[in-house]
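These notes are about the structure you will find just below.
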Amino acid sequence: MPLRVNGGRRVQGESQNILVATFMQHRDALARFLAIRCGTDSAEDLTQELWIKVQQVRTDVDVPLAYLYQMAHRLVLDTRRGASRGRDREQDWSFTQGITEAVEAPMAERALLAREHLQQIEQTLAEVGSRAMRIFTRYRVDGIEQRRIAEEMGISISTVEKDLRRSYAALARLRDDGDAV
């Protein structure tokens, strides 16, 4: 949308009017742009902040839509920097207060839970039988075709399928018991 000129010069305030009109016309697209980059929770707040910034622009703008997207992009960067600085401040404060385990605990706890969960899965598959466990591992972990597994083990494809069904059923029971697989 080019600016209208008066004798080769821009009309005072017309750039602002065009920028506001362009914002209003493309508001939904700008909100989607912000939502994709910052999440839908903060997109409306950022769109409102962008609107306030648009009303404060006092310079001539040659390509209003590109200018708006550039403003939105800078707003996203500012928001991310602010969030990062906030996390850094919180981490620094925790460290000075001797609360280092608060930062490390979630990661260590997740690793411990994952190891325990893996042990439960291995135990469940072992209860089904060593052959079924080996078939399950070859098929699901190694990505080997059922036909090839049957050839390697000297059994029929239907036996491979039956052992896989037994393994899946055991894992489903484990999941249903509350130990989510």
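One residue stands out among those in region 30-77 that are surrounded by 13 or more Cβ atoms within 10 Å (Cβ to Cβ) and among the β-branched types (V, I, T): the one that is farthest from V20 (Cα to Cα), which is V76. When A150, A114, A102, A108 are checked against the criterion of being surrounded by 10 or more Cβ atoms within 10 Å (Cβ to Cβ), modelled with pLDDT of 90 or more and among the small types (G, A, S), A150 stands alone in meeting it.
In region 35-62, the residues that are in the same structural domain as E14 (by TED's automatic domain parsing) and under 18 Å from R81 (Cα atoms) reach residues that are hydrophobic (A, V, I, L, M, F, W, C) and surrounded by fewer than 16 Cβ atoms within 10 Å (Cβ to Cβ) with C-beta atoms within less than 9 angstrom, at least six apart or across chains, in these pairs: A43/I36. Whenever a residue of region 117-138 is in the same structural domain as Y168 (by TED's automatic domain parsing) and part of a helix (DSSP H, G or I), its partners that are of a type in the set (V, I, T) and surrounded by 14 or more Cβ atoms within 10 Å (Cβ to Cβ), lying with C-beta atoms within less than 6 angstrom and at least six residues away or across chains, give the pairs I135/I149; I135/V160; R138/I144; R138/I149.
The values are calculated or read from the model by the stated rules, or taken from the named source; none is laboratory data. Worth saying up front: this structure is predicted, and the values here are computed from it rather than measured. Cβ: placed from backbone, ideal geometry, glycine included. Neighbour counts: every protein chain shown.
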